[in-house]
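Have a look at the structure below, then the notes.
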Amino acid sequence: MSAGIYLENCTGVVIENNINITIIDDAYLLCTTTKYTPKDFNEDFGGFCVEITDPLKMVEMITHTLQINNNVTHCRYGKIFYRHRTFQQEEYPEVPIEFIKPDTDIYRSQNEYRFVWYTNKLPITPINIECGSFSQICKRIN
């Protein structure tokens, strides 16, 4: 059934070598981290860091703006699990596939926490959004 095949009232049926491929829909993505280690981020992101003190409020603000202008249907968020993306037999992903990155990922040490907004307005293109001040829910760390 994990391969999308359902048989009813059958005997002696053998199905071998089948593959089920999951493709993620295009979405808006915001990548953050769950740890503060400047040495791991300086080269990629620069010398400053922003701490999000109320991530749920931030998601609410961004989602509201994206719903108005970009037909966002829903949002998911969570930490990234670093493991292979191939599953065998009765093995299922512990999280949605968009929250799994290969365990060989060069950014693994950054402990990514990802926000994903799905839309029915395709194709997706890079955008800038204005959703108000984050000064009450974020603070800059030097």
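The values are calculated or read from the model by the stated rules, or taken from the named source; none is laboratory data. If you're wondering where the values come from, they're calculated on a predicted model, not measured in any experiment. Don't worry about glycine lacking a Cβ; one is built from the backbone with ideal geometry, like all the others, and counts go over all protein chains shown. In case anyone asks, the SASA skips ligands and DNA or RNA and just uses the protein heavy atoms, side chains included. Shrake-Rupley method; radii C 1.70, N 1.55, O 1.52, S 1.80 Å.
Tell me, what HN-Hα J-couplings in whole Hz come from the Karplus equation 6.51 cos²θ - 1.76 cosθ + 1.60 at θ = phi - 60° for each residue of segment 13-20, using x for Gly and Pro?
So the Karplus estimates, Gly and Pro as x, are 9, 10, 10, 10, 6, 9, 10, 10 Hz.
Return, ordered by residue number, the residues of segment 101-133 whose backbone nitrogen is under 17 Å from a label point located 7 Å along Cα→Cβ of Asn42.
Output list for this probe position: 110.
Write down the Kirkwood hydrodynamic radius of the chain, to one decimal in angstroms, obtained as one divided by the mean of 1/r over all alpha carbon pairs.
Its Kirkwood hydrodynamic radius stands at 18.2 Å.
Carbon and sulfur: what percent of the chain's accessible surface (1.4 Å probe)?
Carbon with sulfur: 51 percent of the solvent-accessible area.
Quick one: accessible area per residue over segment 1-68, 1.4 Å probe, rounded to a whole number of Å²?
81 Å²
Calculate one ³J(HN,Hα) per residue across segment 66-73 by plugging θ = phi - 60° into the Karplus curve 6.51 cos²θ - 1.76 cosθ + 1.60, and present them in order as whole Hz with x for glycine and proline.
With coefficients 6.51, -1.76 and 1.60, one gets 5, 5, 5, 9, 9, 6, 5, 9 Hz.
Return the loop-located trypsin sites (Lys or Arg not before Pro) in segment 1-70 (DSSP other than H, G, I, E, B) with at most 16 other Cβ atoms within 10 Å of their own Cβ; answer none if there are none.
Listed in order of number, the matching sites are Lys35.
Which shape class, rounded, prolate or oblate, goes with segment 77-142 when its Cα gyration tensor gives a ≥ b ≥ c as root eigenvalues, a/c under 1.5 marks rounded, and past that a/b bigger than b/c marks prolate?
Note, shape of segment 77-142 comes out oblate.
Where the only charges are on Cβ atoms (+1 Lys, Arg; -1 Asp, Glu), what is the dipole of the chain about its Cα centre, to the nearest 20 debye?
I would put it at about 500 debye.
Before I look further, what does segment 77-124 give for accessible area per residue, probe 1.4 Å, in whole square angstrom?
64 Å²
Taking a cut-off of 27 Å between Cα atoms, list the lysines near Lys57, but don't count ones fewer than 8 places away on the same chain.
Lys35, Lys79, Lys101, Lys121, Lys139
What does the charge count near Ile100 come to, summing +1 for each Lys or Arg and -1 for each Asp or Glu among other residues with Cβ under 9 Å from its Cβ?
Its environment carries a net charge of +1.
Only loop residues by DSSP count here, and only those with at most 16 other Cβ atoms within 10 Å; note down the chymotrypsin sites (Phe, Trp or Tyr not before Pro) in segment 87-129 that meet that.
Phe87, Tyr107
When only DSSP loop residues count, what GluC sites (Glu not before Pro) in segment 76-123 have their Cβ near at most 11 other Cβ atoms within 10 Å?
Glu90, Glu91, Glu94
Expected output is a single nm value to one decimal: the length gained when fully extending between Leu29 and Asp105, i.e. 0.36 nm times separation in residues minus the C-alpha distance. What is it?
25.6 nm
Give the calculated FRET efficiency between Ile68 and Ile137 to the nearest 0.05, with a Förster radius of 22 Å applied to their Cβ-Cβ distance.
FRET efficiency, Ile68 to Ile137: 0.65.
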